[in-house]
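*Asks:* My questions will all concern the structure given below.
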Amino acid sequence: MKELTPDQLLTQLRQFGECPRIEAKKGIEIGASAMQTVCAFANEPGLGGGFLLLGVAEPDGQRGHFQVCGISNADKLLNDLQVNCREQFEQPISVQAEIVLLEGKKVICVFVPELEPAAKPCTFKGKFDSRNKRKTGVWRRGLNGDYECSQSELEPLLLAKSGMGYEQVLLPGAQWSDLDPSAISLYRFLRAKVRPEAEELQASDEEMLYALSLLEMQEGLWIPNVAGLLLFGKPLSLRRLLPAVRVDYVRIAGTQWVEDLDQRFMTTLDIREPLLRLIPKLEATILDDLPRHFHLDEGSTQRKDRPLLPQKVVREAVVNAVMHRDYRVHQPTLVVRYRNRIEIRNAGYSLKPEAMLGEMGSKLRNPILSAVLYDLNFAETKGSGIRTMRRLLEHAGLSAPVFHTNVMTNQFQATYLLHQLLSEEHLCWLKQFSHFHLSSHEAKALILTKETGAVDNAGLRAITGLDTLATSQLLGRLHRQYHLLIQGGAGPSTYYRLAESFEVPSRAASHGDAGDLDANAGDLDANAGDLDANAGDLDANAGDLDANAGDLPEALKKRINRLSAKARKESLWPVILWLCLLASRKSEWLANHLGRKEKHLRANHLSQMRKQGLLTYRYSEVVNHPEQAYITTEAGEAWLRQQEGIANDVRKAGEIQRHKSREGQQGIKKKS
């Protein structure tokens, strides 16, 4: 068996519920459901296979956790499983299965390895409309179980089977004239600085780009592939051929995503340029927007102002985002500068497990792009970039970056905190817990909860380096033994909040020895804290207003009333986006007002809309946040305004909404 023992699998099931890599079934028979799970584990890219426990029942009304029910016909089930894996698929699948004892009962533990790209997709035999083959017969693993692929969802599997990545695809309409000669000249200049005698510099532009695998010959013409366009494409050509390939830099005044439709952001900058220009431009934008601190080198009499984040960290963060991005997904890379942190979000889960980030060795989603950036000293391919960032941040006295990778939603997020996680202010706040003799990891858990409002297993793992079980035990200790945290959610959606008596931190005057600048900053933080407290009251009131659907535009209410019980996404998605454009909405709120089951709405619509970049989480740092809600992204708003029959309604309602907002602001001014 791979990685986990049956006892560990059962422990994880009971603590976190079913997850992408673990599935439990009663095991009465080896039916369609079990074989669909086998097919999904074998197909899902980057999952590394999965575990199936037969003889373990899901929680029910009587038992709140997974229960070992055992199986009486283990030998027959084991034989049926092996026969089905040989006969039901177009190509046989080799699974590892054994009969084990769990809590004194027989259970079958099955490990299904992920197939090599050349062997995918694993496909059910038979005609369409059978239980296992309604569309394509290819099953994949989703957030809430297994699902059958559509033709479009098959494309990445088929591309990988052919040995091609998306960066090698030739887009319809692409031509040599889409490349920018000045970008090609820039490559020659940068490459000559690194290695003046490089052999490709002696060739013509066409021969050089062909040697770099950025061109293909078609009918006597040189055609750039996706990688060639990304590196050297003209901005207008990128807009035409790859419209979502850009980076959006957003500046937020506070610490949470802005919901005000009239003033969503302080500043925004959309960057759509070839990567050779985009990388230094985005790096300079981030550095220019960072606070700077005074520095005096030893033996020097001249001061230097250095950005709070080291330049090498910013460069590595930017290059990682564009180099490892999944360019198949039509979703811009988003860089958000909050008051206390920088978040970089892009499509493309990490090909390395989250626990292995920072270890030596790279897995490259875009090897052609990576090779070019490596040749120019933009990037390294030894897998040491994250380790270097952590070392530089530690040397600068800052917290390690927090990484979240999600295979199911195909998303990656990096968060860089702009303050020490255990700063002087935090240490002062922690003094109230001194009698608990907290470990450093326990202290970090409390501080992270204080900063973000809630903490979950994944978020705490990112800043402590603990494994899943150790993190779960730590959070459980703070909850059950010390009563400092309150548990919410269940299974994989478990989160923790501070106990009510500790929710409002005591702001002691702890900046007196830190100099005038720090003292002023402390005063500002105190004022900001008061503002945040007031904003919290406003949020609570806004939640009450949200509960009343009477404030919705008439055109939107009519569309909601016209939705049928089996409405498809063509009519349902525009309504969801419109609702989440007006205000952030919880999934239960959406389910209640749209007449849907919450679990079905999340699995079949909300998660897909997030995957396509149309929706985003309000609390992106803690996915399981108790107040988690959905917000329409800029891409979602643009998509909404392109839909026939609804665009005019949204535009008119938006004008009315802005008019009401201005009237309300004027009324407040008059009262004051």
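*Asks:* Run the numbers on the stretch 6-163 and let me know its relative contact order in percent, using alpha-carbon pairs under 8 Å that are six or more apart.
*Replies:* Once normalised by length, the contact order is 25 percent.
*Asks:* Run the numbers for Asn79 and His600: contour at 0.36 nm per residue of separation, minus the present Cα-Cα distance, in nm.
*Replies:* 184.1 nm
*Asks:* Also, quick follow-up: Quick check on packing: order 556-566, 70-80 by the mean number of other C-beta atoms within 10 Å, highest mean leading. The partial results should precede the final answer.
*Replies:* On the way: 556-566: 12.2, 70-80: 15.7.
Going from most to least packed, we get 70-80, 556-566.
*Asks:* OK, next. Using the number of other C-beta atoms within 10 angstrom as an exposure proxy, rank Val650, Val329 with the fewest first.
*Replies:* On the way: Val650 22, Val329 17.
Sorted ascending by nearby Cβ count, the order is Val329, Val650.
*Asks:* On to the next question. With a 10 Å Cβ neighbour count serving as the proxy for reagent exposure, in which order, fewest first, do Glu442, Glu207 appear?
*Replies:* Glu207, Glu442
*Asks:* Oh, and also: For the stretch 167-241, what is the convex hull volume of the alpha-carbon atoms per residue, in Å³?
*Replies:* 83
*Asks:* If we restrict to alpha carbons, what Rg and Dmax does the stretch 6-163 come to, in Å?
*Replies:* 15.6, 51
*Asks:* Please give the Cα centre distance for the stretch 113-192 versus the stretch 218-234, rounded to the nearest Å.
*Replies:* Distance between centres, Cα-based: 19 Å.
*Asks:* A further question follows. Sort Ser152, Ser33, Ser370 so that the residue with the fewest other Cβ atoms within 10 Å of its own Cβ comes first and the one with the most comes last.
*Replies:* Final ranking by Cβ density, sparse to dense: Ser152, Ser33, Ser370.
Bear in mind these aren't lab numbers, they're just calculated from the coordinates by the rules spelled out. Worth saying up front: this structure is predicted, and the values here are computed from it rather than measured. Cβ coordinates were reconstructed from backbone atoms using ideal geometry, including for glycine residues, and neighbour counts include every protein chain displayed.
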